[in-house]
1. Name, by its number, the condition in (1) surrounded by 21 or more Cβ atoms within 10 Å (Cβ to Cβ); (2) part of a helix (DSSP H, G or I) that does not hold for PHE219.
2. Report, by residue number, each residue of region 113-149 that is polar (S, T, N, Q) and either more than 27 Å from ILE78 (Cα to Cα) or touching a Lys or Arg at 6+ places or on another chain (Cβ under 7 Å) (or both).
3. Starting from residues that are away from ligand 2 (no atom under 15 Å from the Cβ) and assigned to a helix (DSSP H, G or I), keep the ones in region 267-287 and report whichever is nearest to ARG137 (Cα to Cα).
4. Pairs under 9 Å by beta carbon, first residue in contact (Cβ under 8 Å) with a residue 60 or more places away in the chain and on the phi > 0 side of the Ramachandran plot in region 286-310, partner more than 10 Å from ligand 1 (Cβ to nearest atom) and among the aromatic types (Phe, Trp, Tyr), six or more apart or different chains?
5. All but one of (1) at positive phi; (2) more than 16 Å from ligand 2 (Cβ to nearest atom) hold for ALA329; state the number of the condition that does not hold.
6. Hey, among the residues in region 459-477 that are part of a loop (DSSP other than H, G, I, E, B) and among the charged types (D, E, K, R), which one's surrounded by the fewest Cβ atoms within 10 Å (Cβ to Cβ)?
7. Among the residues of region 304-315, write down those that are more than 15 Å from SER139 (Cβ to Cβ) and within 15 Å of the chain's Cα centre (by Cα).
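The values are calculated or read from the model by the stated rules, or taken from the named source; none is laboratory data. All values reported here derive from a predicted model rather than from experimental measurement. Every residue, glycine among them, receives a Cβ derived from its backbone with ideal geometry; neighbour counts consider all protein chains shown.
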Amino acid sequence: MTASVLAHTILIVAALVTFGWVLWQRFAVLRLSAPDPRTDHIALRLKRLLLVGFGQSRQPRYLVAGILHILIFAGFIILSIRSLTLLGIGFDPGFSLPGFDGSGGRFYAVLKDYTALVVLVACILAMLRRLVFHPARYSDRLAVKSHGHEAYVILGLIALLMVADALFEGTGRIVEPGEDPHMPMAQSAAVLLAGFSEPALSTIHSGAFWMHNVALLFFLCYLPVSKHFHVITSLPNVFLSKLKPTGHVKPPRHDVSDLDELPSLGVGKLEDFTWKHVLDFYTCTDCGRCSDHCPAYATGTPLSPRMISIKSRDLAYEMYPVVGKKPPANGRPTFVGETISPEELWACTTCGACEEACPVTIEYVDKIVDMRRFLVEQGDVPPKLQKTMADLEQRGNPFGKPQRTRAKWLQESEPDGPGVRVLEAGDEADILLFTDSAAAFDPRIQEISRSMASILQLSGQDAGIMGSDEVDSGHEVRRIGEEGLFEILRDQNMEAMEERSFKRVVTTDPHAFNALKNDGYDLDLPVLHHSQLMAELLDAGKLELQPIGDERTYTFHDPCYLGRHNGEYDAPRRVMGAIPGLTTVEMTRSKNRSFCCGGGLLSLYHEGESERRMGEKRLDMAADAGAQVVVTACPFCMINLEDAVKTTGREGEMEIIDLAELVSRSTNAMSNTESAANAKGEQN
Ligand code: SF4
Ligand code: SF4
């Protein structure tokens with residue numbers, strides 16, 4: 001064995017041992033974390049891995065940064081073959097990987113040389129972009145520690161690898177000229193070094209070789225101690241990502257279904273997370289896309305989802321150091337309380353925009369709900385929310401109203417009668433209209449229920465409500481973190497439903513819609529949002545819409561729990577499109593990029609500190625799009641946006657209505673036209 005081979009062997013073994021040791025230490029916290037089954041539906045997981053992982057499908061949302069990342073990633077994959085080859089050359093100068101000799105090798109040599117050029121340019125541009133343009137998304141007003149320098153280290157190392165290989169190839173060409181294909185990087189190096197003596201070229205050749213391999217192995221060991229751990233973890237993280245709809249909230253524990261068997265609920269310390277959620281922390285690229293889309297961050301609350309990942313990862317690195325002793329248990333900060341503040345957690349609307357934006361499928365809603373479960377168990381709940389929870393527990397609704405008045409909106413419906421009836425135990429109907437609390441008790445939101453009832457009547461549907469036997473769907477309760485109370489409410493509703501017979505459930509509230517679909521209601525029949533039913537009635541010719549004679553411009557605001565969490569973007573637009581002559585416009589942030597109005601969870605019951613209300617910001621977006629009427633399909637959105645109309649002084653300028661109210665106006669227009677026609681016929 002030559003001295004060079006020995007040195008090369010020592011270098012590789014030392015690097016691999018170091019890398020293995022660092023990984024072992026990094027995964028210490030995963031080994032202590034909660035279980036999380038993630039190996040089901042392998043075919044689906046592989047598909048997502050190909051699309052989101054290798055295909056980088058979420059990157060182009062930010063065009064410049066996305067394209068640069070795709071170029072570097074593709075280059076990384078292509079050049080990894082070259083890196084392995086250079087490691088092999090340390091043992092045998094003629095080494096090539098199977099399939100990469102002969103014509104295959106020549107083709108690859110050209111491909112990798114052009115790739116290296118593209119990667120080098122992409123690295124330089126990425127560095128310049130950070131240095132010169134300072135994209136706002138890279139800095140975070142809530143950051144406690146900056147990791148920005150790590151990006152320069154990584155980009156610099158990648159650039160160094162490209163340059164080293166070019167020098168290695170270029171000097172090789174001068175020393176041993178042959179039938180060299182066109183390779184811009186190698187040729188440029190050869191041109192640059194053409195005047196050097198043979199011994200100098202030989203020194204540069206071997207220096208470049210060592211420089212490449214040392215940099216490569218240093219890069220490997222540096223990844224798990226930096227924010228660039230994602231280079232290793234992102235593909236597995238995408239493969240292991242959540243397959244259930246994002247509107248589904250994870251149970252407190254995956255391995256225990258009975259809450260009474262759990263010693264405690266929720267996540268209070270790092271090790272209480274599931275191993276997958278810790279892997280998420282390691283995978284965060286610190287790109288800031290989640291916070292850039294987060295309505296809570298945009299309105300100046302103390303929440304930045306990105307910082308939840310970064311602070312958690314920093315703590316994991318600190319508590320489980322690669323070298324040295326772990327800090328004693330009493331030397332650790334309280335995770336939920338100090339590292340992550342309750343104010344951050346209560347600021348989240350669970351809108352899911354962060355998850356939609358994340359290029360490496362990091363989950364936030366489940367983590368935040370898990371941490372809230374801990375706060376609830378500690379009794380650390382904002383006072384107004386405590387009152388809401390008490391009302392829900394005692395009365396079955398968050399308004400503290402007597403349950404017997406739950407169907408009052410229906411009894412007071414005028415002038416054409418209720419359109420739906422109250423179903424007593426044992427009754428049957430085709431449709432169960434699940435109103436949920438807001439649409440049953442809030443006087444403004446009752447208008448949505450009345451509009452829906454008249455649409456059901458007009459289209460000849462056999463529909464009913466459960467009256468005082470219905471209680472709150474528990475959707476917000478669950479996301480607040482009160483799992484026990486949620487289960488009580490859900491079971492009460494299930495019991496009431498089992499006493500009645502119906503073929504499908506319809507609701508005007510996307511939160512109830514999401515609860516009925518994704519919160520373990522186990523309904524063995526279709527659940528529809530009212531926009532879906534109206535679209536269906538229009539298609540079937542059971543509902544006809546007439547011009548409403550309004551010159552104003554309308555826009556649709558996608559409710560998070562209808563759109564992003566349940567993928568329904570089309571039905572409301574089809575319904576609006578069926579109204580002849582209605583002028584519509586899309587907001588820039590629509591469909592899966594919709595901006596939460598703030599009603600997503602707590603705002604009706606609790607409002608934390610913020611610089612601006614989310615509803616006000618959303619209303620600005622509608623005004624910027626040129627709309628005077630914002631149509632939504634969620635009672636919470638309607639209330640929040642109506643409040644924003646008042647607080648931004650736009651009364652008389654902008655109007656907020658629910659889709660059912662819009663349709664009701666359009667059918668009233670039809671009724672009026674028909675009445676006028678009938679009246680005219682009678683006169684004649
Ligand atoms: S769910 Fe919405 S509010 Fe909560 S962190 Fe994500 S983007 Fe922000
Ligand atoms: S969570 Fe995702 S989107 Fe947010 S900073 Fe990390 S990688 Fe970027």
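1. With respect to (1) surrounded by 21 or more Cβ atoms within 10 Å (Cβ to Cβ); (2) part of a helix (DSSP H, G or I), PHE219 is out only on (1).
2. SER139, SER146 - these are the residues of region 113-149 that are polar (S, T, N, Q) and either more than 27 Å from ILE78 (Cα to Cα) or touching a Lys or Arg at 6+ places or on another chain (Cβ under 7 Å) (or both).
3. LEU270
4. Once the first residue is in contact (Cβ under 8 Å) with a residue 60 or more places away in the chain and on the phi > 0 side of the Ramachandran plot and sits in region 286-310, its partners that are more than 10 Å from ligand 1 (Cβ to nearest atom) and among the aromatic types (Phe, Trp, Tyr) give ASP286/TYR138; GLY288/TYR138.
5. (1)
6. ASP462
7. Passing the criteria: PRO305, ILE308, SER309.
Here's the yes/no breakdown for (1) under 17 Å from the mean Cα position of the chain (by Cα); (2) in a loop (DSSP other than H, G, I, E, B); (3) within 16 Å of ligand 1 (Cβ to nearest atom); (4) modelled with pLDDT of 95 or more:
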{"site": "LYS326", "(1), (2), (3), (4)": "no, yes, no, no"}
{"site": "GLU356", "(1), (2), (3), (4)": "yes, no, yes, yes"}
{"site": "LEU375", "(1), (2), (3), (4)": "no, no, yes, yes"}
{"site": "PHE399", "(1), (2), (3), (4)": "no, yes, no, no"}
